[in-house]
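The structure under discussion appears below in the form of structure tokens.
The values are calculated or read from the model by the stated rules, or taken from the named source; none is laboratory data. All of these numbers come straight from a predicted model, not from anything done at the bench. Neighbour counts run over all protein chains shown; Cβ positions are idealised from the backbone, glycine included.
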Amino acid sequence: MLLAASRGGQVSSTGVVSWLRIARADVHRQTLLKSSPGPSSASTRSGNDNQLLIHALTPTTKSPLLALAKRIADAGCNLSESRVSTIGTEISLMLLATGAWDALAKLETALAKLGRDESMRLVHYRTGPRQNSSHLLPYLVEVVAADRPGIVARIVDFFSQHGISVEQLNSTRYQAMQTGAEMFQAQFTIGIPAEIHIAALRDDFLELCDGLNLDAIMDPVKF
């Protein structure tokens, strides 16, 4: 820059001043960069990366939902996902809490005490965010049939043989209002790998259901 500012072998005073200002600014910037602390491993981890999965099973007359929701809030955690269902005389709760590492540690301590005090069947363990599964196409399968053993096993076996994951399953046994017949109904949410030919898969599945005398449909999840 001194050479650029020189004229006829003489260095311009204006050029020297400008060069000094730029040099000082650059030195100041480098000093700030060196003195600035880098992000710690704890701070770079998103709160959603720290997750605690909680499962409770109790009689329906003693639902622990309120107690668990309060413990999660008191620990400073978020309730990200929840599944509550009544099966027989029991109520099952699956809760996913997210938060900072120390908040989850506080929650774990509170849950251990709650389990002891209430004699509750309660388990919890650390987990993490689910990996991206954008290669799986979500489909809904509904099955209705006269109730008999082995229906779910045959359907799940079909999915397993084709590399299809079962994301959710809801099934129930009921008595038909019109005839009193014992019926079975199930809803499967499945993830079909994108490379599978859907029409051929649907044909194979419906052929299986015809052989088992099941009434079934397979449609894409549209939301």
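Couple of notes before you dig in:
- Of all the criteria given as (1) in the same structural domain as D74 (by TED's automatic domain parsing); (2) part of a strand (DSSP E or B); (3) more than 20 Å from the chain's Cα centre (by Cα); (4) not charged (D, E, K, R), the one not satisfied by V123 is (3).
- Scanning region 154-209 for residues that are under 12 Å from Y139 (Cβ atoms), of a type in the set (A, V, I, L, M, F, W, C) and part of a helix (DSSP H, G or I) gives F159, I198, L201, F205.
- Residue match in region 82-93 (condition: exposed (fewer than 12 other Cβ atoms within 10 Å of the Cβ) and either assigned by TED's automatic domain parsing to the domain that holds Q168 or closer than 21 Å to N50 by Cα (or both)): yes
- Among the residues of region 147-165, some residue qualifies, meaning at least one is over 26 Å from I54 (Cβ atoms), in contact with a strand residue (DSSP E or B) (Cβ under 8 Å, 6 or more places away or on another chain), among the aromatic types (F, W, Y) and at pLDDT 95 or above.
- For region 210-223, residues that are assigned to a loop (DSSP other than H, G, I, E, B) and under 18 Å from A146 (Cα atoms) total 2.
- Yes/no for L79 being among the hydrophobic types (A, V, I, L, M, F, W, C), farther than 30 Å from R173 by Cα and assigned to a strand (DSSP E or B): yes
- Filter result (under 21 Å from the mean Cα position of the chain (by Cα) and either surrounded by 16 or more Cβ atoms within 10 Å (Cβ to Cβ) or among the acidic types (D, E) (or both)) within region 94-110: L95, L96, A97, T98, G99, A100, D102, A103, L104, L107, E108
- Filtered residues of region 126-139 (kept if in contact (Cβ under 8 Å) with a residue 12 or more places away in the chain and either in contact with a Ser or Thr (Cβ under 6 Å, 6 or more places away or on another chain) or part of a loop (DSSP other than H, G, I, E, B) (or both)): G128, P129, S133, H135
- Residue match in region 61-76 (condition: of a type outside the set (S, T, Y), part of a helix (DSSP H, G or I) and over 25 Å from the mean Cα position of the chain (by Cα)): yes
- Test for L214: is it of a type in the set (A, V, I, L, M) and under 25 Å from the mean Cα position of the chain (by Cα): no
- Failed criterion for T179 (all others in (1) over 30 Å from P59 (Cβ atoms); (2) surrounded by 15 or more Cβ atoms within 10 Å (Cβ to Cβ) hold): (2)
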